[in-house]
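Since the structure comes first, as structure tokens, the remarks are kept for the end.
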């Protein structure tokens, strides 16, 4: 074999090796690119999943805050309505003397007061009944009808009713319009709260 043939063989082998190296390099580059795309896709998916999770948490938090705020607004509005109703009731009761049947109402209030006080009266004792000065005439009429001995005093201010006590002042029974409203207020407020709650849930 002459020298030229040897040189041609070496050149051919070199070219073959170079081609193989290039092909290997291309394959490795493609594998690297493929792996990089896969990792990038996985990273993107993780980012999207994390983003959705954060969005869901934020949405749930916003919805929860909205529900709490809605409940608070409804509770505040309900309380305002209850306050308005109670104020109207109080105003109406404050003008009870203007009613034509007020003498009968006063008679019933005094009768309740005396029944509550009577067990505490000692034998021979009189009941002391305190009225507002505006009830002078009606109280005087009542005294004629009541068999129980009682002493009338017009030394309190109220929208109606009376305060009774024993002569020794150890026992006292308050039965004025204001005290009746005060005692009934809590129960009335509870009933109104249930009423307005039922109205709001039916809307």
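Okay, residues lined up against (1) at pLDDT 90 or above; (2) in contact with a helix residue (DSSP H, G or I) (Cβ under 9 Å, 6 or more places away or on another chain); (3) within 25 Å of residue 95 (Cβ to Cβ); (4) in a strand (DSSP E or B):
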{"position": "144", "(1), (2), (3), (4)": "no, no, no, no"}
{"position": "154", "(1), (2), (3), (4)": "yes, yes, yes, yes"}
{"position": "159", "(1), (2), (3), (4)": "yes, yes, yes, no"}
{"position": "169", "(1), (2), (3), (4)": "no, no, no, no"}
{"position": "185", "(1), (2), (3), (4)": "no, yes, yes, no"}
{"position": "189", "(1), (2), (3), (4)": "no, yes, yes, no"}
{"position": "193", "(1), (2), (3), (4)": "no, yes, no, no"}
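Against the condition surrounded by 10 or more Cβ atoms within 10 Å (Cβ to Cβ), at pLDDT below 70 and part of a helix (DSSP H, G or I), how does residue 36 come out, does it pass?
For residue 36, the condition - surrounded by 10 or more Cβ atoms within 10 Å (Cβ to Cβ), at pLDDT below 70 and part of a helix (DSSP H, G or I) - is met.
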- Residue hits (segment 113-136; in a helix (DSSP H, G or I) and either surrounded by fewer than 16 Cβ atoms within 10 Å (Cβ to Cβ) or free of Cβ contacts under 8 Å to residues at least 12 places away in the same chain (or both)) are 115, 116, 118, 119, 133, 134, 136
- Item | Number of positions in segment 155-166 that are more than 39 Å from the chain's Cα centre (by Cα) and surrounded by 14 or more Cβ atoms within 10 Å (Cβ to Cβ) | 3
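The values are calculated or read from the model by the stated rules, or taken from the named source; none is laboratory data. Small disclaimer: the values here were computed from a predicted structure and weren't measured. Please note: Cβ atoms are built from the backbone with ideal geometry, for glycine as well, and neighbour counts cover all protein chains shown.
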